[in-house]
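A short worksheet on the structure shown next.
The values are calculated or read from the model by the stated rules, or taken from the named source; none is laboratory data. Source: prediction; values computed, not measured. Virtual Cβ from ideal backbone geometry, glycine too; neighbours counted across all protein chains shown.
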Amino acid sequence: MPASLSKGGAARLALLLFLSLIVLVFAVASATAIGDYNIALTTVFLSVTNELGLTGADIPPIEQSVVWNLRLSRALIAALAGAGLALCGAILQALLRNALAEPFVLGVSAGASTGAVCVIVLGIGAGSLSLSLGAFAGAFAAFGLVALLSNGATSGPNHTILAGVAASQLFNALTSYIVTTSGNAQQARDVMFWLLGSFGGVRWPDFQLLLVVVLFALAVCILMARSLDAFTFGDEDAASLGVPVARIRLVLFAVTALLTATIVSMVGAIGFVGLVVPHAARYVVGPMHLRLLPASALTGAIFMVVADIVSRIIATQQTVPIGVVTALVGVPFFAIILYRARPQA
Amino acid sequence: MSVLAENLRWGVRRKIIVSDVSLSVAPGETLGLIGPNGSGKSSLLRLLAGLRRPASGRVEINGQDIARVARKALSRHVAFVQQSAATDTNVSVEDVVRLGRTPHRSALAGWSEGDEAAVTDALQRVGMTSRRTQAWQTLSGGERQRVHIARALAQAPQVMFLDEPTNHLDIHHQIEILRMVRDLDLTSVIALHDLNLAAMYCDRIVVLQDGQIHACGTPEEVLTPQLLKDVFRVSAHVDASADAGRPHIRFSAG
């Protein structure tokens, strides 16, 4: 592993994060420019400054509207969702001491899909707002069940993971039951499409909500980053280093559940990002969380924005579900890291 | 700092594991904790270090009831070394020892010169300075144990609890680690399996059986053929060794 980077000082980390931020801005700009018809980057830039009241450039209203109302909000939400999922993945991998942990390991996505299905198929409530609310309620119901089964998440990593598996199975079964007994073919297709994730319906109000949740979660997690490091050798070891283990676990589980539920209820259960991005970030900045968490969040944001661009251009005339793209783009990339990081025999 | 335990009781469900244990350790003393498997050594050690709450009784460190001291404040002067703690994370030796500074740092505080000095000193005391940047995963069992002790030392403790720190080590490293702990200027309580090593390096020995203290005293007072037969169910000869007051045990092949 590149020891120079993982051991570098705060200045080097700051430089790395700054460069990532520039890449992210560029990715968001590209995502806004690329689409069914492409818009020049200068037009994108002027549209944004126009909307912010900084300039009064003469731009076709239709292009300005596409940039501001459709594409920019979508790109920014993709960035936030990617950042949030990667952050959750990094936290859960540390708390559960399991390299396979990801945001959906605590049953949150299964619960969200049950909630969404209740809305789509059973018609509880109506409209897109209630779809999000249904998914959010389902996600938290699943998390509540996991917390209950694992005594408020205090009974150790494997116990918590098993509780998550049980909750996922239960809610997946409920989803299948509702779809097969009450749904028609079109509804089943809708549900499937929703589950794979889509940035299609998102707008500015979603962005504002997600921004608040992501920033809140990031702040809490950064404050607890040192404590997360102490979990390297397990719960008891963390306790002997003065970390209030039970409290940290419960707070961080709740924060990740809140963040995941918010994201899933907006854009569906987008897989792979939360699993792989933390590993990629760890490979570059090392395992210590004060570096890993911001690096994961930024990498996740860039990855998701790029994946969204790919999902819109990979097939003509239609959008491939984002969850398909994250896996298609992510697996080869991840394979390289796995290969290079293999234990030296 | 002194350690004082009064009437400690602890158990899991109906099973009593530590039953009415009282003991005291003087400042600077090295106390050995011996007993057969399942006699409650590890559990007692965790009660003393405040990692588990006793069902009744109390532990005082330096005259303070540890149940009333915050976790973080306690770990600024009490360190605990587990037996063979492992991780899958790709950390370096330095990363691990730096973790020892956790109780001394606030959430966002930078890395101070004091922290750096503590880590450098701890690595030097266990003889791992040259391995500072080496990956944890590439260390041998003995080296990992030494790094764990270095991490405990970086906590700058005045009391150290060690749970079978010499497990899986060859005899050279067993002796090296125990000599190091004995020579440290701090109070330590060590759970041990090897009775001869306990006799060589502990000032006093507590013998546990079924969660109760069966005997307590200097190695010479405690390690008698009769006790070895009663507690460990072995027949043995106990010889006086070259060191005064440190008996040597020879087990009979039977």
- request: Within the range B:43-54, track down each residue that is of a type in the set (D, E, K, R) and either surrounded by 15 or more Cβ atoms within 10 Å (Cβ to Cβ) or away from chain A (no Cβ under 14 Å) (or both).
  value: B:ARG46, B:ARG52
task: Among residues belonging to the range A:164-196 that are of a type in the set (A, V, I, L, M) and modelled with pLDDT of 90 or more, point out the one that is surrounded by the fewest Cβ atoms within 10 Å (Cβ to Cβ).
output: A:ALA173
query: Which of (1) surrounded by fewer than 24 Cβ atoms within 10 Å (Cβ to Cβ); (2) β-branched (Val, Ile, Thr); (3) not in a helix (DSSP H, G or I) is the odd one out, the single condition B:ILE190 does not satisfy?
result: (1)
query: From A:ALA280, A:ALA297, A:ALA301, A:ALA327, which residue is within 14 Å of chain B (Cβ to nearest Cβ) and small (Gly, Ala, Ser)?
result: A:ALA280
- request: For B:THR166, work out the one condition from (1) free of Cβ contacts under 8 Å to residues at least 40 places away in the same chain; (2) part of a helix (DSSP H, G or I) it doesn't fulfil.
  value: (2)
- request: Assess whether B:PRO157 counts as being in contact with a His (Cβ under 7 Å, 6 or more places away or on another chain), under 15 Å from B:PHE80 (Cα atoms) and either at pLDDT 95 or above or in a loop (DSSP other than H, G, I, E, B) (or both).
  value: yes
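Here is a yes/no grid of residues against (1) more than 10 Å from chain A (Cβ to nearest Cβ); (2) touching a Leu at 6+ places or on another chain (Cβ under 7 Å); (3) surrounded by fewer than 22 Cβ atoms within 10 Å (Cβ to Cβ); (4) not small (Gly, Ala, Ser):
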residue	(1), (2), (3), (4)
B:SER56	yes, no, yes, no
B:SER75	no, yes, no, no
B:GLN82	no, no, no, yes
B:ASN90	no, no, yes, yes
B:SER112	yes, no, yes, no
message: It is to be established whether one or more residues within the range B:127-136 are in contact with a Lys or Arg (Cβ under 6 Å, 6 or more places away or on another chain) and within 11 Å of chain A (Cβ to nearest Cβ).
response: no
query: Can you tell me which residues in the range A:132-163 are surrounded by fewer than 19 Cβ atoms within 10 Å (Cβ to Cβ) and polar (S, T, N, Q)?
result: A:ASN151, A:THR154, A:SER155, A:ASN158
message: Suppose we filter the range A:303-329 for residues that are surrounded by fewer than 24 Cβ atoms within 10 Å (Cβ to Cβ) and either touching a residue at least 24 places away in the same chain (Cβ under 8 Å) or in a helix (DSSP H, G or I) (or both); how many remain?
response: 12
message: Among the residues of the range B:6-42, what is the count of those that are surrounded by fewer than 23 Cβ atoms within 10 Å (Cβ to Cβ) and small (Gly, Ala, Ser)?
response: 8
- request: Kindly establish whether A:SER227 is within 14 Å of chain B (Cβ to nearest Cβ), of a type in the set (S, T, N, Q) and part of a helix (DSSP H, G or I).
  value: yes
message: Would you confirm, using the coordinates I've provided, whether B:GLU60 is assigned by TED's automatic domain parsing to the domain that holds B:LEU197, closer than 12 Å to B:VAL159 by Cβ and out of contact with any Leu (no Cβ under 9 Å at 6 or more places or on another chain)?
response: no
